[in-house]
Every structure is written in C-alpha cells, then in structure tokens.
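J.: Take this structure, written in structure tokens, and hold onto it; I'll ask about it next.
The values are calculated or read from the model by the stated rules, or taken from the named source; none is laboratory data. A quick note: this is a predicted structure, and the numbers were derived from the prediction, not measured. Methodologically, a virtual Cβ is constructed for each residue, glycine included, from the backbone with ideal geometry; neighbour enumeration extends over all protein chains shown. Areas reflect the complete protein model, heavy atoms only, side chains present, ligands, DNA and RNA absent. Shrake-Rupley method; radii C 1.70, N 1.55, O 1.52, S 1.80 Å.
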Amino acid sequence: MACRSIVRTHLAVGLLAGIPIVLRAAEPTTAGAVIQQYCAVCHNAKLKTAGLVLDVTGIQHIEDHPAAWEKVVRKLRTGEMPPKGMPRPDKATYANVAVELETALDAAAAAKPNPGRVPVHRLNRAEYAAAIRDLLGLHIDPKALLPADESDQDGFANVSSILSVSPFLLENYLSAAHTISRLAMGDPTLPPSIETVKYSKLLPQDEQMGEDLPFGSQGGGLIRHYFPLDGEYTIKVLLRRQYYDYIVGMGEPHQIDIRLDGVRLQRFTVGGEAKGMTMPESFAGNTQGSPEFEVYMHTADAGLELRVPVKAGEHEVGVSFVRRFWEPEGVLQPPQIGFARTTNEYYHGNPAVEFVMIGGPSGAVSHGDSPTRRRIFVCTPNAPAAEEPCARKILSSLATRAYRRPVTDEDVNTLLEFYRSGRAEKDFDLGIQRGLERILAAPAFLFRVEAVPPDARPGVPYALGDLDIASRLSFFLWSSIPDDELRNLAVRGQLKDPKVLEQQVRRMLRDERSQSLVDGFANRWLGINKLAGIVPDTDLYREFDEGLRDAMANETQLFVVSQLKEDRSVVELVTANYSYLNERLAKHYGIPNVYGPRFRRVEFTDGVRGGLLGQASILAVTSYPNRTSVTLRGRWLLANLLGAPPPPPPPDVPALKDPGQDGQPRSLRQRMELHRQSAVCASCHQRMDPLGFSLENFDALGKWRTESDGAPFDASASLPDGTRFEGIAGLRGLIETHPEDFVRTFTEKLLAYAIGRGIEPSDYPFIRKISREAASQDYRWSAIIWGIVNSPAFRMSVSGSEGVLAARNQGVHK
C-alpha cells in the first residue's frame, strides 16, 4: 500500500484578518475510496507492489482472496501502511476502514467457514508424561526417557506440524513403554538403580529452601521419588565442593537431617573435626594444610548415608541443615563471583548439599500394594480359570482410557495375545505387564488421529465427533487424556449440547490439572521457558545466582495461575497492580518488608511493578548478558502483546557498537537511531526500537534504574502507528484504554495452542468473534476459553482428499 498521494489539495486563498486559508479535500469515508486514494497507485495491476492488487472490485469480492485482505487489515490495525513519509489517512479513517474490511471478511467466513485441518498429532514429551500420570498415577521424568520436542515460531511444542517422528524417537517410545510398564507393575526383577539429584553450585543455600521443608531449616531440598518395590533403599548425601574438591563450610559443626515423608530418619553432624594445620583461608587447592586436614576436607561427608525400608509408591525425601542464626562480624564484603566464588572453601561459612543419591531396592523385595498397582488391578483372579477374564477387564479398562475411546474386539484381542505370551512365560503379573507395555506403545495412545466421517468430501467442513472433541478439550486444558466423566459424556454423544460442553470447560478449569495452561501455554507464549538458558555477565550483575533465577520464574508462574484461577480479565495480565514475591526477589526489586522463602501477593502503588511488564523473568529473557536490548524487548511487545511481529532479521546484521567506540555516541537511543539509518535495518527497527524504549528503565535483570552515566533515561516511546507514550506507565495505560489489540493477540496465541496448529488467515474471523463476544464478560479467561472451544476452528475440521481416502480405506483408530 506504499503510495504517492494522487489527491491534489485545492487552495483557496482569502482574507480573514489578513491570514491566508488553506482548504484540504475531505477525507474519503468508504474502504473502497480510501484504498483508491492511498493504496492503488502502488498496489495496482501494473505495479503489483508486494504482490498485491488493491481496488474496489477486490473489496466487492473479498471472499475470493481473504488471505490478502487479512494482511491488509493487519497492516491497517498496526498503522504500518502507508509507510512513514507518505500521505496517510487520519486515525478515525484507519479504524473505520479496518472495521469495514473485517465486517466483510467475517460475513464471508460465516457464509463459508474454513475451520482448517489438524494433521496427525503425536503426543509431545509433556503430554506423554501427563497421560502416564493420569492413566497410571505414576509421575515420570520425561527428560530421562524421551528427547526434547521442537517448538514452532510462537514457541509452542504441541503444534502437530513440528511433532515429527523418526526411527530414533520410536525406539525411545518403545523403551519408555517397557520401563514404565515394569515400574507401574512393580516388577520384582527390576535391577537396583541409583537416581542422582544435583543442585547447582550457584544455588544459594543460606535460607530455608521451601515451604515443604521444616521451619528453621537451611539449605538442601525436597525430592519426590518413585520407589518401584517394597524393599530397602539407601539415601546418600554429598556436600558442595569447590573447584579443587574441598568441601565447603567445614570449619564448624553443622547438623543435617534426612527425612522421608516429613518424618526424620536420622540427624548427622558434619564439620568442625578437622585436625592438623589448615591452609590459609580461601587458598584451598593452592596451599595445602597438613595431610590429616587435607583428608578430612575431602571426605568429611563420607558417612552421610543411611539404609531404610520403604513401601512401593511415590514418597518425599527431604534433606536440610538445622539453621544457625548468626551474623558475620567485620566489614561486609560484596558477594564473590567468577573464579573466586568457585575456589573459595568458605571454611567458616555455611555448607550446602550438592548431590542426593537414592539407590535400591535391595534385600527382600516385593511389588507391594502401591497406588499405581491399585489403579491397574480393577480385579484380582482367585482361580486359574478367572485369570483371562480378569486380564480382559484390566486391559480393556486401561486401553479405553489410553486410547481415549471405547475399545474394539480387535484391540482387546491384540492385547490378550501379549498377555498370554507373558502368562505362559511366568505368571499373571507378567502377562498384564506385557499387555500394558503394548498399550503404551500403541499408535492409538501415542498419536491423536481424528475420525473423518465416511461421507466427508474434500474441502467441505464437517463437525468433529464427540470423542475427538473430548480429546481436543482435555489436551487443551490439561495436556492430558480425558478423564472418565468427560469420556463417558462423549461416548453418550452429550458434548454436542453446548450447555454440557460449557459445564465441562468450567469443571476442567477448576481442576488442578489446568495448571498445564501455565506450563504449556503461558510459559512458552511469554518466553519464560528460555529463562533457564540465560547467562548474565556476573561482573556487571553480581547479584545474579540460581536462587534469583528460580524466584523470577516462580513469580510469573504464580501470577498467571492467580489470574487463571480467579478468572480475571486477561487485560490484567498487563495492567494488574500486584505480583508474587519472596524475600530474595523483593530485595532485587527494592521492595521492603518481605521476608522468608514463601511467595506472597504484594500490591504496588508506584506504577513500576505489577503485571507481566514489570517482572524480571520477561525483562531478563529480552536482554543480552551484558545489557538491555530495546530491539529484543520491542520485538517481544510487537509479537506477544500487539500481534504485529516483525519478519526475521536478514543475515550478517552488524552488531551494535559499544558506546564511544569509533566515535559512536554514548547514548543508546542515539546509537539505535544511527543503526536505523541503514535501509536494511530501518524497515524493522523503526517499529521495534521506539517501542522497546518504554522498558529501558529496567536493566538486564529487571531492576529499576532512573539514570545512566549521570543522565536520566529517556523512556519516551511510540507505537508503529505513531502514537507516543512515556515509559511503562504509558504502555500500560494504552493497553488498558484500548485493550482490543492485546485481546485479539492473546486469543490468537491461545487458539493456536488449543488446536495444535499454526494460525491461518481463515482463522482470523473466528478470533475476532471470540474477542468481541468476550468483551461483554470483561475479557475473562473463561469467556475467551469458552469462545475458543465453541468456535468452528475447535469443533470442526476439513479434510483433504488424502484424509478422506485414508479414513475410508483404513479407518482412523488403528
């Protein structure tokens, strides 16, 4: 739509108090006239700039090219076209034309909806773990069994098009099925194993490490571990060592407790028993003490081990020190960083836990009566003749839940073949284990394949069956399989009733499993999953450690959970005046009177904190290790809040030069303006950079700052349409007074996550309808989620010719 104005202004010169008057032609009012005046000169049949031909005829037949006109609408909504420097309509005209085009597009979509099609959907790693949890009551570590999944351009790992399958991955699924089936059954032939939990050397352990550990404790951690059999297990603790393997904090005695399910098993005393001459403090490894001292400093924790009988099932193992309340004397020193931190043995400081190893089982073992076995064994045969009928019942029950549909005779007969193989080899339990292993390796469990009606025609939309709706809904809200209530309603065909379906949506949102919306959707939409990979420059940001990293992530998670559970307006994600802090994060923010490791709700009145934009997690993942980035932050705002993501950067973009280097100006704003003088860079940076400056008062770890090199920060910013505002308060104010763009963007992201595919132009009419209808309910989470579930994009599908042929020839649930 870049164009030269073809409107000639008409000058009428008269005298009014001796001042000439310039009269401008009236602004056109219809979409056709505006397009003709501002766009058609470039986007015509001759020039076809950007491959677009825009004219009145195209608007009259907008249904013929909806993708192109959706692109036009998005450019109008964000004020990107006509480009800066060219004649533009006023803001009211922008809005009116966008509404007129959207109305025509929505009407065309209503007359001929296109819900799109989701290809075969493999369970990703998180969904697999959640399905095992809900099927067997068994919590597994999916990272130990399956490789990581790729993410799409929005960061989501549940998009079917990127969930590819390779021979290596299939081998992993088969291996996981074997391992999990043996764990669930309590296979007595399981060999003893050792699980090792490692705590980072950069994790401070000078305070209570969580509310699950005893009050008055210090350091350590809580481990939820699955004990597969009744038997004896060893629990061994190794303390933190510095670079040369000297144990930290051994100058004085310390008490350390090991607990099982909150009950103390044993209290050990470690430290304070070194004999002989010590080395100079903080010189461990460079200057040695006497031989007996050296031996002690390397082996003082050798006896932190116990053996205990444990019943099969999941238990909590807690390790923590008894806290000593004392304050260091003398001049307080800044925290050590880098090499000094890793080589100091802190002889009179606090020790810390580095490894907890749980090994076993040993001695006499049995499968016991774990909750997982009770969930599997819905019957117990009391005679040989009753074994196969009982096996049929057990395997049919498991397969019905795992396959997310009623099982067929063919399904059951296949499972019974595996049962008979195991039963002939050993006993009833091995037969059930073999059948369970087959279920966990079955395509019907690992893949979501939606049924295509026999009379479906290529390109013609059709309503999904109730079982597929139930599966879509459960993986949307829970990232897991449907529970019995939802599946039974689907079997009876009751999910076709909108009232019943809405009741299920509300019930499922109340369930704790809806936490997966935070883990699977919010964390990836906001980019918080990248927080684990940031490596700030500790020479510049000395306060950073693993405790702060954990606190950053917990703040955002708890905040989003509160918004979801309280069913707040999604606009409050940005405009809320509160967040969740513990003492560590409160000190980082400069917030007084917050003590202890517990996160609690804190309200703010300064206009700085509150909502997502003031949270260190987001500010850190949109920064570089040694400085902030207005480009990264501007791009994040455009893509995640305003729905106007810029294209990927071109190759070989030169790095921003350091202040003062080669005559570069010291001001970041001046350096970025110089950077935008490059034609290659300007097209994107002129949209990102001015927006990113609104967050420039936050440093690379989210601390508030007011000046740099003695000069106050200039946080003035602007949107792509030229709207100017000041700092984070101005940005929040704009979103609060004009929430429509943010809500549409949020809806777009959530719809993509819900259906497990990328957004197509045909989805935008559904997104607008969902957003408009949610407005009457203040854009609450439940209103937007229900709008998505009730939309054609969620409840319908459309088949290509290959999908119809496959459904007719092979069926869909093999």
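J.: Taking all pairs of distinct Cα atoms, average 1/r, flip it, and tell me the Kirkwood hydrodynamic radius of the stretch 164-205 in Å to one decimal place.
T.: Final number for the Kirkwood radius of the stretch 164-205 is 13.5 Å.
J.: Collect residues whose amide H, placed 1.01 Å from N in the peptide plane, falls under 5 Å from the amide H of residue 44; neighbours closer than 5 in sequence don't count.
T.: Amide H to amide H, under 5 Å and 5 or more residues apart or across chains, residue 44 pairs with 49, 54.
J.: Please work out the Cα center distance from the stretch 280-311 to the stretch 399-438, rounded to the nearest Å.
T.: The stretch 280-311 and the stretch 399-438 have Cα centres spaced 52 Å from each other.
J.: Restrict the search to the stretch 383-475; then list the GluC sites (Glu not before Pro) that DSSP places in a loop and that have at most 13 other Cβ atoms within 10 Å of their Cβ.
T.: Taking the stretch 383-475 and a limit of 13 other Cβ atoms within 10 Å, no loop GluC sites (Glu not before Pro) are found.
J.: Roll a 1.4 angstrom probe over the protein heavy atoms and tell me the percent of accessible area of the chain that is carbon or sulfur.
T.: C and S atoms contribute 54 percent here.
J.: With every protein chain left in place and a probe of 1.4 Å, what is the accessible surface of residue 34, to the nearest 10 Å²?
T.: 10 Å²
J.: Right, another one. For the stretch 129-201, what are Rg and Dmax over the alpha carbons, in angstrom?
T.: So, for the stretch 129-201, Rg and Dmax equal 15.0, 46 Å respectively.
J.: Mind ranking 737, 628, 179 by accessible surface for me, highest first, 1.4 Å probe?
T.: Solvent-accessible surface, decreasing: 737, 179, 628.
J.: For 202, 398, what's the largest-to-smallest order of accessible area, 1.4 Å probe?
T.: From most exposed to least exposed: 202, 398.
J.: Then there's this: Give me log10 I(q)/I(0) at q = 0.21, 0.30 Å⁻¹ for the stretch 730-789, Debye formula, one equal scatterer per alpha-carbon, no solvent.
T.: -0.77, -1.28
J.: Going by a ≥ b ≥ c, the root eigenvalues of the Cα gyration tensor, does the stretch 339-478 fall in the rounded group (a/c under 1.5), the prolate group (a/b larger than b/c) or the oblate group?
T.: oblate
J.: Continuing with the same structure: Which of the GluC sites (Glu not before Pro) across the stretch 517-593 are loop residues per DSSP, with 14 or fewer other Cβ within 10 Å?
T.: Answer in residue order: 566.
J.: So which lysines pass the test for residue 749, namely a Cα distance under 21 Å, with those fewer than 8 places away in the same chain ruled out?
T.: Counting by Cα, and skipping residues close in sequence, residue 749 has these lysines nearby: 71, 75, 530, 565, 769.
J.: Now a separate question. Enter the per residue convex hull volume of the chain, computed from alpha-carbon coordinates, in Å³ rounded to the nearest integer.
T.: 220 Å³
J.: Please compute the length gained on full extension between residue 33 and residue 224, using 0.36 nm multiplied by the number of residues separating them and subtracting their Cα-Cα distance.
T.: Result: 62.1 nm gained on full extension.
J.: OK, next. Which shape class applies to the stretch 48-158: rounded if a/c is under 1.5, otherwise prolate when a/b exceeds b/c and oblate if not, where a ≥ b ≥ c are the square roots of the Cα gyration tensor eigenvalues?
T.: Here the stretch 48-158 falls in the prolate category.
J.: Determine one quarter of the surface area of the Cα convex hull of the stretch 199-264, which equals its mean projected area, and express it in nm² to one decimal.
T.: 6.0 nm²
J.: Additional query: Express in Å², to the nearest 10, the accessible area of residue 91 obtained by rolling a 1.4 Å probe over the protein heavy atoms while all chains stay in place.
T.: Residue 91 has an accessible surface of roughly 130 Å² with all protein chains in place.
J.: When all protein chains stay in place, what accessible area (Å², nearest 10, 1.4 Å probe) is found for residue 243?
T.: 140 Å²
J.: Roughly how far apart, in whole Å, are the Cα centres of the stretch 584-630 and the stretch 26-62?
T.: Going from one Cα centre to the other spans 47 Å.
J.: Hey, if we sort 269, 723 by accessible area with the 1.4 Å probe, largest down, what's the order?
T.: 269, 723
J.: Separate question: Take the stretch 255-377, compute every pairwise Cα distance, and split them into 10 Å bins from 0; I just need the percent in each bin.
T.: Cα pair-distance distribution for the stretch 255-377, in percent: 9, 29, 29, 17, 10, 5, 0.
J.: Moving on to the next point. Translational diffusion coefficient of the stretch 355-409 at 20 °C, 1.002 mPa s, Stokes-Einstein with Kirkwood Rh over Cα pairs, in µm²/s as a whole number.
T.: Here the translational diffusion coefficient equals 154 µm²/s.
J.: From zero up to wherever the largest Cα-Cα distance of the stretch 51-101 sits, split into 10 Å bins and tell me the percent of pairs in each.
T.: 23, 56, 20, 0
J.: Which three numbers, in whole Å and largest first, are the semi-axes of the equivalent ellipsoid of the stretch 82-214 derived from its Cα gyration tensor as √(5λ)?
T.: One finds semi-axes of 49, 26, 15 Å for the stretch 82-214.
J.: Another one. What does a probe at residue 316 reach in the stretch 530-555, counting residues whose amide N is under 18 Å from the point 7 Å along Cα→Cβ?
T.: none
J.: How much space per residue, in cubic angstrom, does the convex hull of the C-alpha atoms of the stretch 186-345 take up?
T.: Enclosed volume per residue, from the Cα hull, is 135 Å³.
J.: Over what distance in Å are the Cα centres of the stretch 200-221 and the stretch 100-161 separated?
T.: Here the answer is 37 Å between Cα centres.
J.: In square angstrom, what is the accessible area per residue of the chain with a 1.4 angstrom probe?
T.: Per residue, the chain has an accessible area of 46 Å².
J.: Let me ask something additional. Given a Förster distance of 51 Å, report the FRET efficiency between residue 273 and residue 726 from their Cβ-Cβ distance, rounded to the nearest 0.05.
T.: That pair, residue 273 with residue 726, gives E of 0.25.
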